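Shown next, in structure tokens, is the structure this report addresses.
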Amino acid sequence: MVALVVAATIGSLVGSTGSAGAASRPGSGSASGTGAGADGPTYRESMRAAIADIQDFWAREYRALYGRGYEPIPQARVIAARPGVTIPKCQGFKVSYRDVRGNAFYCLESNFIAYDDVGLMPQFFETFGQFAPSLILAHEWGHAIQDRADVEQLGLPSVYVELQADCFAGAWTGDVAVKPQQVAYAPGDLEGAVAALIELRDAPGSSPDDSDAHGSAFDRLSAFQDGYLLGPERCAAYVDEPPLVVQIPFSSRAEAASGGNLPAEDVIPTTVELLDEFYSRVEPEFRSLTLADVVAFDSTRVRTIPRCGGTRPDVEVVANRVYFCIEDGYLAFDEPFLQSVYDEIGDFGVATLIANPVATSVQIGQRIPGARDNTLEAVMQADCYTGGWVAALYNGFLSGSLSAGDLDEFVQAYLSYSRARGVSGDVPLTFVRVRFFRQGFLEGYGSCDYARIAAQVAAL
């Protein structure tokens, strides 16, 4: 294993689909799916509540979007598929549990939803939380809405059809968040949604032009957030104003073989160079960042933790952390943690975690309120700055570039960082941080004005 080393010097609904536009993942063993969480509903209770609430949501929203009444999916045509259960024909073709296993889909024109009630749904319930199966149902209902609105007849590329369904799922989730009613929901369920969308993404390096493309994790989460934040009106507008799709195919066999990753020893030097290039352009008074300003430590070896302002921080404060020491002007990181990010996620996961405290250093120079105390407003502005930096890479304004899977690695790294730092699963921190990163990425560094960010945070 090549190591990330910094001491005196720097070294180093799976997107494949089933029939009729399914959000799918590889199937696996059986699960009863009837267990209950400590304080929540059972799997079956959550499914019943989600189905009823999604029907109610579209009964309210469909006419405003499309000018005519909503035709509900009959209860008998929402099929909890398992061996021995009769599944309707899909466009005249027989369907068995084998066709549904590990999957969920809406059958265009035949007007039914079938989902794996043995593997996929109960496993998502157990792995990603009580709300995750509801998210899959809401996505498939999005395809039912497209069928009723004749969207499928427009000949849109698969990725836009799938992202619109993700957007519709986000719109329903946003409705549940403000008026829970039938569905058990907590803000922390959004963290489960992030993890589930990573699981359901297209494989890194695949083309968005594939006939079965669903989108990268970043694209799918972006569409979901569009619906959550802007409502179903934004989703309906996808047919005329499609979202930006940033799923990047591998450019060569060599890139595919490496997974798009730099050698570990090159990640931090390259990241520091690109951050310095960016901030030197957008902030004329930015103090240039060099490798000498980056220090690695091992939180399991207390004496390696660098002093900050004359005091060695407690292990609990710096374990699994990347941070900027304001008093002494250096960036420090827990090397075993970043090594695990590189090994398990990839180079750009490391890069975006390094970028965040560099953004903090910029805020200190700008005298941004709360930057010294890591207030929520300052943290979200730093994420927006990082999104602006990544946009510059994506648009070719810097000497480096993004490779396949990099934006997914960013999402995974932020989720991993929250978990490693012990952030409560009841707090949707990753979901909110991705929102402000997207703002910088889609609107540019100039969109990260502190007053705007503070107003947005106040409205959360």
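Ellipticity at 222 nm from helices only: DSSP H runs of n ≥ 4 in the chain, each -39500 (n - 2.57), divided by the residue count, give -15500 deg cm²/dmol. Of interest is the spacing of the C-alpha centroids, which for the stretch 369-388 and the stretch 402-460 amounts to 10 Å. Taking 0.36 nm per residue of separation and subtracting the Cα-Cα distance, full extension of the segment from Arg367 to Asp209 would add 52.4 nm.
Suppose R0 equals 30 Å; then what is the FRET efficiency for Asp343 and Leu376 from their Cβ-Cβ distance, rounded to the nearest 0.05? Please list the in-between numbers first.
On the way: r = 31 Å, r/R0 = 1.02.
The formula returns an efficiency of 0.45 here.
Amide H contacts for Phe112 (H built 1.01 Å from N in the peptide plane; partners 5 or more residues away or on another chain; cut-off under 5 Å): Cys107. Among Ala296, Gly67, Phe57, whose Cα lies farthest out toward the positive end of the dipole of the chain, if unit charges sit on the beta carbon of Lys, Arg (+1) and Asp, Glu (-1)? Checking the options against the dipole of the chain, the answer is Phe57. In plain terms, the C-alpha convex hull of the stretch 335-378 casts an average shadow of 3.6 nm² when viewed from every direction. Once the chain from Thr270 to Arg421 is taken as fully extended at 0.36 nm per residue, the excess over their C-alpha distance is 51.8 nm.
Ordering Arg367, Arg48 from the fewest to the most neighbouring beta carbons within 10 Å gives Arg367, Arg48. Across the stretch 162-245, the fraction of Cα-Cα pairs farther apart than 23 Å, rounded to a whole number, is 22%. A simple rule links phi to the HN-Hα coupling: the Karplus curve 6.51 cos²θ - 1.76 cosθ + 1.60 with θ = phi - 60°, which for the stretch 235-242 gives 5, 4, 6, 4, 5, 9, 10, x Hz, with x for Gly and Pro.
Taking every DSSP beta bridge that has both residues in the stretch 259-458, what percent is antiparallel when rounded to the nearest 5? Intermediate values should be presented prior to the final figure.
On the way: 5 of 9 bridges.
Around 55 percent of the beta bridges assigned by DSSP in the stretch 259-458 are antiparallel ones.
Considering Cα pairs under 8 angstrom that are at least six residues apart, work out the relative contact order of the stretch 43-239 and quote it in whole percent. 21 percent. Taking the Cα centroid of the stretch 74-103 and of the stretch 149-221, what is the distance between the two, rounded to the nearest whole Å? Between the Cα centres of the stretch 74-103 and the stretch 149-221 lies a distance of 22 Å. Given R₀ = 51 Å, FRET efficiency for Gln91-Glu285 by Cβ-Cβ distance, to 0.05? The computed FRET efficiency comes out at 0.20. Couplings 3J(HN,Hα) of the stretch 344-352, computed from phi: 9, 10, x, 5, 6, x, 4, 4, 6 Hz, in residue order, whole Hz [Karplus 6.51 cos²θ - 1.76 cosθ + 1.60, θ = phi - 60°; x for Gly and Pro]. Between the beta carbons of Asn111 and Asp240, assuming R0 = 25 Å, the FRET efficiency works out to 0.45 to the nearest 0.05. Whole-Hz Karplus values for the stretch 112-122 come out as 8, 10, 10, 9, 6, 8, 9, x, 3, 5, x Hz, taken residue by residue from phi with 6.51 cos²θ - 1.76 cosθ + 1.60 and θ = phi - 60°; glycine and proline positions read x.
Read-outs: derived from the displayed coordinates by stated rules, not from any lab. If you're wondering where the values come from, they're calculated on a predicted model, not measured in any experiment. Backbone-built Cβ (ideal geometry, glycine too); neighbour counts: all protein chains shown.
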